Amino acid sequence: MPAGTDEGGSPREGGGSASSGPALTQESVEADVAQALEAIARAGDLDGLKEARLAHAGDRSPLAQANRAIGGLPGPEKAAAGKLVGQARGRVNQALGRRQQELEAERDERILVEEAMDLTVAPGRRPLGRRHVLTVTAERMADAMVGMGWEIAEGPQVEAEWFNFDALNFDKDHPARQMQDTFFVEPAKAGLVLRTHTSPVQARSLLERGVPLYVAVPGKTFRTDELDATHTPVFHQLEGLAIDEGLTMAHLKGTLDRLAEAMFGAGIVSRLRPAYFPFTEPSAEMDFRCFVCRGEPTAPPCRTCGGTGWIEWGGCGMVHHNVLRACGVDPERYQGFAFGMGVERTAMFRHGIADMRELIEGDVRFNAQFGMEI
Amino acid sequence: MRVPVDWLGEYVTLPEGVTGEQIAADLVAVGLEEEGLHTSGVGGPLVVGRVLEMTPEEQKNGKTINWCQVDVGDANGSGEPQGIVCGAHNFAVGDLVAVILPGGSLPTPQGPLTISARKTYGHVSAGMICSVRELGIGEDHDGILVLPRLLPAEVVARLAPGDDLIGVLGLDRETVEVNVTPDRGYCFSIRGIAREYSHATGAAYTDPASLPVDRGEGEGYAVRLADEAPLEGIPGCDRYLARVVRGIDLTRTTPEWMARRLTEAGMRPIGLAVDVTNYVMLALGQPLHAFDLATLGGPVVVRRARPGERLTTLDDVDRALDPEDLLITDGGERVLALAGVMGGEDGEVTPGVTTDVLIESAHFDARSVGRTSRRHRLSSEAAKRFERGVDPDVTAAAAQLAVDLLVEHGGGSADPAVTDADQRPERPVVDLDLTLASRYVGVNYDLQRVLEILRLIGCEVQGEAADRVVTVRPPSWRPDLTDAPGLVEEVARIDGYDKIPSVVPRAVGGRGLTHGQRARRAVATALAGQGLQEVLTYPFVGAERFDELGLEDDDPHRDAVRLANPLSDEAPLLRTALLQTLPEALRRNVSRGSRDVALFEIDSVTLPAGEALAPVPGVGEQPDDEVLAQIRSAVPAQPWHVAVMAAGQADRSGWWGRGRPVDVVDVVGWAHAVADALGVEVRREQSERASFHPGRCVDLTLADGTLVGWAGELHPTVVQRLGLPARTSAAELDLDVLVAASDHRTQASPLSTHPLATSDVALEVPRGVRFSAIEESLRAGAGELLESLELFDVYAGDQVAQDRHSLAFRMHFRAPDRTLTTQEVNEARDAAVRRAAQDHGAVQR
C-alpha cells in the first residue's frame, strides 16, 4: 500500500470560494492539527488510518481547505499563513507516516501469528525409503575389509560345479560334498549348481588375478533348506581370501579380530576352534566374543550367546594346497587363509533379529526400523 | 555321535566328578563340536521308601486310590512317615519303592515337572511313588517300581529307607553328543572319542582295541576278494576277516548294561547278535555283519555286481544293483549284502533258528561304500563309518571282541580258525619339514614339541628334530592325514588354537570396491532416497508366473534355467527378471496393511544356459586353458538388474492435505533416477511390452540405442491375475548396461553466469506425434543458445482441431559469453518453431 501519499484531488474540486471557509487563525489551525492527531492516534488498523487520512489530510480536510484559503488572503498575510498551514500539514503527515508504520508492523506480526502451524505431528507426505538390512550389513563388512586394504570381488550365483566343489578340493565322492545340500541345474550333466557358498570366487579370483591377493566376496548363496526361523534356502556370505608369502593362521586371527571389532564393537575378539573343511588345512570354526555378556558369567545365562560367551560365526582356515594347485599357484611359495561367515547371522546378532523370516519377507515395516547406515 | 560318559570313562581316565558339560568343552578344543548333552532329567530328592501302610479309598469317579504312609528315613527332614496318594496297585505293604519328594523333578514330554506337596483326593500328598516309565528307565506300564524286581539282590540288600536312588538307578548318567566332521571316521567310536579326549586333557588312554586276539589255527571259512573293477584303482575290499561261533542261543537277552549303553548311544537293542555287532561298532568304530552260517553254501566272495542283479535289503526294499556296487556273495552267486552298507534277507541271523554265526569284520573302500550308499539312497551306521574311513588295523580286534561277547552272553564256542584275507597296502608316509608348523600357524613351536605331538596322535616318525625334515607315517585310524599341512593342523590342534596370536596382515592394497559395486550402492541409495524400500526376494519361479505376467509363448523371458531338485515343484525355474518375484513382496505388504508401498530389488537374474556343458575335471590340478574356458562359458549370463514396483499413494494424504496416487510417471521418474544416479543419459521410446498397459509403457535406451529397460503401468489383466492393487506400476532396468555406460570420468562444463532468457511457445501438433519427438525438433532448431526446455501444459478441446492438441513449452536460453538480446532469443525460438513445423506440422498458436 502506498503510504503517506495525498489523495490527488482535482484543483477544480472544492477550490471555488476560499473566502467562505473558516477563519484562518493560529488557533483554528492548531485545533485542526489536534483533531487530526487524535484521529490518527485513534486509528486501530490500516483501514481506520486510511479514513483518518482522508478526513484530516485529504482534499476536503480542514487543513486542505485552510491551505486553499491562503490564496484569498491579503498579500502580506500569505507568507505567515502559508508557513503556519505548511507546518501543520507537515506535523499531520509525519504522524500519519509513523502510525502507518506502527500499524503495518502490527499487521505483519499478526499474520505471522495467524500463519503459525503445529509441526509436532509427524510429517510423512513422502517418507524416506530404506536399504535392506542385509545389503547394508554386507556393505559394512566389505567396507571393513577395504579398510584393511582388501579388494572386493564377486561371482555368479549359478556356478560351475567345478568352481563350487572340485576347485575347492571337494572330491566328488567326499561326504563333505554331499553335506552341502546343493541345488543342481538341469540336466545333471550340465555341470552347474546354485553356488552353496561364496568360496568359488576364491578360485575365480586366483585364476583371474593371480597372487598376492587379498579379496573379500559378499554374495548370495543357496542350500536346499526350507525356510524357518533359523534357516533359509537363500542366504548371504562374506568370503575372505588372502594369499601371499608368509601368511599364517595368526594373520587369519588378526583379520577376524578386526572384522569382529568393526561389526560388534571395540574389544570384541574372535576365537578359533579346530574343524574340518575340504578347502582349508588347518581348518577352524570361528566364533566371536559375545558382545552382550563379553564372556562374563551372568544369571540367568546370557540370552544372546546362551551363556557360552561365544557366538558362532563361520568357517575358516589355511587354504588347502590342492586349491592353490587347481588355481595355478605354487603352494611351496605362496600360502594364505580363507574364511566365510553368514551375513544373516551377523545382522541377526548385531540387531537382535530373532526370526530369519523377517529378513526374507520384504515387509516394509521391517526396513523402517533401520536407518540407511546401520 | 552320542558318547555315554561311563563308557568313555572305561577307555580314558576321567577326573573325579567330571560333568558331561566339562567333557563337551574339552572335546570342543580338539575339534569335536558339542551337539547336545543328554541326562535322565530326573532331579532328586529321589530316595528309597518302605511302604508302611496303604489304605485303599474308593473315589466318586469309580477309581480306587491308595493312601500310603511311606518310611523315607530322614530324607524328609522329620523322620516321620511320608503321606503319599498313589493310584497304582502292584505293590504291597513292606515293599521297597522309589519315592520322589517335594522339590524333586521328573522328565515329561512337556519339560521337567517339579514335584510339590499338593492336595488331592482329600489328602495332602507329599511326593510320588515312581514307576520305571516316570523315571525314564523303561517302558513298563505295569505300575510302581518295586526295587527288588529291578535291582540285583545284593544291591537291594544294602538299601535302607531314605537312601539316595539317583546313583543306584543310574539316573545321574550323562551322554555327551558331539558332531563328527567328515574327515574323522574314527570318531564315530568311543575308542576315537576317548583318544581325542586324552589329547585334549592329557588323561590316560587305554586302547580298547589292544585286547588278546586269537591268531587262529587251521583253515578258516573260505573268503575270496574278487573285485575285478576297482574304483579309481582302489580295491573295494582290502581286508576281510571272518570268525565263526557255533552253538549259541540268540534268544538270550542282551545284558542290561549293553542294552543301556546302546540306548544311550542312540541305538535300539534288537537281539543279541545285532546288539553285539552294534556294540562293537560303537566301541571300536568297526562295522560288523553277522551271517547265519547254516544258510551259506560256498565261500564268501566279495565282488562287484553283475548287470541285472537285484537284492532285497533288510529295509525291505528290492534294489536293482549297479555294476559299481560291491557285494558280499555266497559262493560268488547268491547276493548276501551290499558291502559295508546293508545286508540282505538271505543269510540273516534269526533268533531261535540260527545257532552258528559267521562274523564279518572287513575294511571296505570309502569311495565305493559312499557311492553305493548314495546311489541307493541308503544310509546306514556302517556306511556312515566306511565312507569316512575305518581303521583297517582294528579289524581283528573288533572280530575278537564280538566273538568274546557272543560266547559270553550267548553261550557256544568260537572256531579256532580265523580267516584273514588281508591285502592292505602299506600306509603312505609324509615328508615333513618340522619348521613348517611354525611357518604355517604363526606360533613358534619347539621342534621337539612338534615331534612329541605327532607321536602322541599315533604317528610313527623317522628322524629327529635335528634332521629338520622327518618322515611321518600317520596312524592307521587317520586316513585323512595325507600331507604336511594336515600334520601341521594336528600340531596346532593339539597344542591349542587358543595359542595362535592375532596379527593383522599388511594387504597389498588395491581398488577396494569395483565400479559396478559402487554404482549399485549409488542406485540403491538413490531409490531409497526417493522413498522406495529395498527387498530381497527368492529367485525361484514357476512357468505359471510367466502366464500371469502375460508373456507370449515365444517370449525370451520364458526361457529359464531349471533346477533338478527345486524346493517346490511349483517354482523350479530361476527368474529371468526381477519383476517376476516382486509381486509376492508387494502383495504381502498390502495384506499386512501397508497399502502405500514402493519396492525395489537389485540382484542378478539368470539368462538361459546354452547347450554347452561345464566339464568337471576334479580336484588338485589346474585344468588347461581350454577346459577352463569351457567351464566359464557354460555358466549362464547373470546380468545385474534393478526393478521397482509400486502401488498406493506416492504423496500420502494427511493433515497437510490430500495425497496423490502413485502412477506411471513416478515409476518412469524412478527409472530415470537410476540412470541419473549413474550420470548416464537415457532416452525414452514409447513401447509395448508384455505385462504392461499397451499405452503406458516406455523403453529406456542409451544414446546409441542400447536397450536399458522399461517402465510402465502393469496391464490391468496382469494386475488382476497377480492380485495386485489397481494401477500397480513397475520398471526393470539392466544395471550392467548402465554401469558399463557410466564407467567414465565425467568432464565438467563451465557455467555461464549471464542472465537467463525465457520464452514460451504453444504449438498445435497432431496427436500421434510423441512429445519427445517435438522436444527433439525444438532443441535441434533452437541451437546452442537453448539451455533447457520443458513441456508445461497440454491442451485439447474446443480451441484446437479434433486430431490435434496444443503443447506449451517453456524454453530457457543463455549464452556462455554475453547477455542475449530480445532479438537473439526470438530468432532462436522462431527457428525452433520452424523446425517443429517442418518435422511434425506443428503450428504456433
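A few remarks follow.
- Applying the criterion of at least 3 residues that are under 25 Å from A:MET179 (Cβ atoms) to the helices (runs of 4 or more DSSP H) found wholly in region B:329-434 leaves B:366-375, B:381-388.
- The residue of region A:338-361 that is farthest from A:CYS290 (Cα to Cα), among those that are in contact (Cβ under 8 Å) with a residue 24 or more places away in the chain and facing chain B (nearest Cβ under 9 Å), is A:ILE360.
- Counting only residues that are surrounded by fewer than 23 Cβ atoms within 10 Å (Cβ to Cβ), part of a loop (DSSP other than H, G, I, E, B) and not small (Gly, Ala, Ser), region A:114-153 holds 12 of them.
- Test set (1) small (Gly, Ala, Ser); (2) farther than 29 Å from B:ASP214 by Cα; (3) crowded, with 24+ Cβ neighbours inside 10 Å - B:GLY266 fails condition number: (3)
- Checking each residue in region A:315-335 for being more than 9 Å from chain B (Cβ to nearest Cβ) and of a type in the set (Gly, Ala, Ser) picks out only A:GLY315.
One line per residue, one yes/no per condition, for (1) within 14 Å of chain A (Cβ to nearest Cβ); (2) modelled with pLDDT of 95 or more; (3) buried (at least 16 other Cβ atoms within 10 Å of the Cβ); (4) under 20 Å from B:GLU490 (Cβ atoms):
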| position | (1), (2), (3), (4) |
| --- | --- |
| B:ARG385 | yes, yes, yes, no |
| B:ARG388 | yes, no, yes, yes |
| B:VAL403 | no, yes, yes, no |
| B:LEU436 | yes, yes, yes, yes |
| B:LEU454 | no, yes, yes, yes |
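- Listed by position, the strands (runs of 3 or more DSSP E) contained in region B:31-104 that have at least 1 residues being away from chain A (no Cβ under 14 Å) and of a type in the set (Phe, Trp, Tyr) are B:64-71.
- Residue selected from region B:495-523 under the condition aliphatic (A, V, I, L, M) and within 9 Å of chain A (Cβ to nearest Cβ), by the criterion nearest to B:LEU735 (Cα to Cα): B:LEU513
- B:GLY9 vs. criteria free of Cβ contacts under 8 Å to residues at least 60 places away in the same chain and either buried (at least 17 other Cβ atoms within 10 Å of the Cβ) or in a helix (DSSP H, G or I) (or both): yes
- Checking the stated criteria, A:GLU106 turns out not to satisfy the condition of being outside any loop (DSSP other than H, G, I, E, B), within 9 Å of chain B (Cβ to nearest Cβ) and of a type in the set (D, E, K, R).
- Restricting region B:631-652 to residues that are surrounded by fewer than 18 Cβ atoms within 10 Å (Cβ to Cβ) and over 30 Å from B:ALA598 (Cα atoms) leaves a set whose member that is nearest to the chain's Cα centre (by Cα) is B:ARG632.
- Restricting attention to region A:220-235, the residues that are β-branched (Val, Ile, Thr) and facing chain B (nearest Cβ under 7 Å) total 2.
- Residues of region A:362-374 that turn out to be at the interface with chain B (Cβ under 10 Å from one of its Cβ atoms), outside any helix (DSSP H, G or I) and polar (S, T, N, Q), as a count: 0
- Of residues in region B:582-599 being outside any helix (DSSP H, G or I) and within 8 Å of chain A (Cβ to nearest Cβ), the one nearest to B:GLY531 (Cα to Cα): B:ALA598
- Residue pairs meeting the criteria (Cβ under 9 Å; at least 6 apart or on separate chains; first at positive phi and touching a residue at least 40 places away in the same chain (Cβ under 8 Å), in region B:422-448; second of a type in the set (A, V, I, L, M) and surrounded by 14 or more Cβ atoms within 10 Å (Cβ to Cβ)): B:GLY442/A:LEU247; B:GLY442/A:MET249; B:GLY442/A:ALA250; B:GLY442/A:LEU252; B:GLY442/B:ILE500; B:GLY442/B:VAL503
- Selection of first residues in region B:195-221 that are within 21 Å of B:GLN400 (Cα to Cα) and touching a residue at least 12 places away in the same chain (Cβ under 8 Å) and of second residues that are hydrophobic (A, V, I, L, M, F, W, C) and surrounded by fewer than 17 Cβ atoms within 10 Å (Cβ to Cβ), restricted to Cβ pairs under 7 Å at least 6 apart or on distinct chains, gives the following pairs, ordered by first then second residue: B:GLY216/B:ALA417; B:GLU217/B:ALA417; B:GLY218/B:ALA417; B:GLU219/B:ALA417; B:GLY220/B:ALA417.
- Among the residues of region B:366-378, those identified as more than 10 Å from every other protein chain (Cβ to nearest Cβ) and under 26 Å from B:ALA399 (Cα atoms) are B:THR372, B:LEU378.
- Scanning region A:301-336 for residues that are assigned to a helix (DSSP H, G or I) and farther than 21 Å from B:ARG184 by Cβ yields a total of 3.
- So A:THR298, is it part of a loop (DSSP other than H, G, I, E, B) and among the polar types (S, T, N, Q): yes
- Every condition in (1) at pLDDT 90 or above; (2) farther than 30 Å from A:GLU109 by Cα holds for A:LEU49 except the one numbered (2).
- A:GLU208 vs. criteria free of Cβ contacts under 8 Å to residues at least 24 places away in the same chain and of a type outside the set (A, V, I, L, M, F, W, C): yes
- If the condition is being out of contact with any helix residue (DSSP H, G or I) (no Cβ under 7 Å at 6 or more places or on another chain), crowded, with 18+ Cβ neighbours inside 10 Å, more than 10 Å from chain A (Cβ to nearest Cβ) and farther than 20 Å from B:GLY709 by Cα, then region B:531-572 contributes only B:ALA571.
- Region A:220-231, residues that are surrounded by 20 or more Cβ atoms within 10 Å (Cβ to Cβ) and closer than 19 Å to B:ASP569 by Cα: A:PHE222
- Residue in region B:475-484 that is surrounded by fewer than 20 Cβ atoms within 10 Å (Cβ to Cβ), farther than 30 Å from B:ARG388 by Cα and in contact with a strand residue (DSSP E or B) (Cβ under 8 Å, 6 or more places away or on another chain) present: no
- Residue match in region B:96-103 (condition: surrounded by fewer than 22 Cβ atoms within 10 Å (Cβ to Cβ), at pLDDT below 90 and either touching a strand residue (DSSP E or B) at 6+ places or on another chain (Cβ under 8 Å) or closer than 30 Å to B:ALA194 by Cα (or both)): no
Listed here are the residues, each with its yes/no results for (1) assigned to a loop (DSSP other than H, G, I, E, B); (2) closer than 16 Å to B:VAL441 by Cα; (3) within 13 Å of chain B (Cβ to nearest Cβ); (4) touching a residue at least 12 places away in the same chain (Cβ under 8 Å).
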site	(1), (2), (3), (4)
A:GLN237	no, no, no, yes
A:ARG258	no, no, yes, yes
A:GLU261	no, no, yes, no
A:ARG271	no, yes, yes, yes
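- Qualifying residue in region A:181-199 (condition: within 7 Å of chain B (Cβ to nearest Cβ) and touching an Asp or Glu at 6+ places or on another chain (Cβ under 7 Å)): yes
- Tally of residues being basic (Lys, Arg), touching a residue at least 60 places away in the same chain (Cβ under 8 Å) and closer than 21 Å to B:SER373 by Cα across region A:140-187: 1
The values are calculated or read from the model by the stated rules, or taken from the named source; none is laboratory data. None of these values were measured; they are calculated from a predicted model. Here the Cβ is made from the backbone with ideal geometry for all residues, glycine too, and neighbour counts use every protein chain on show.
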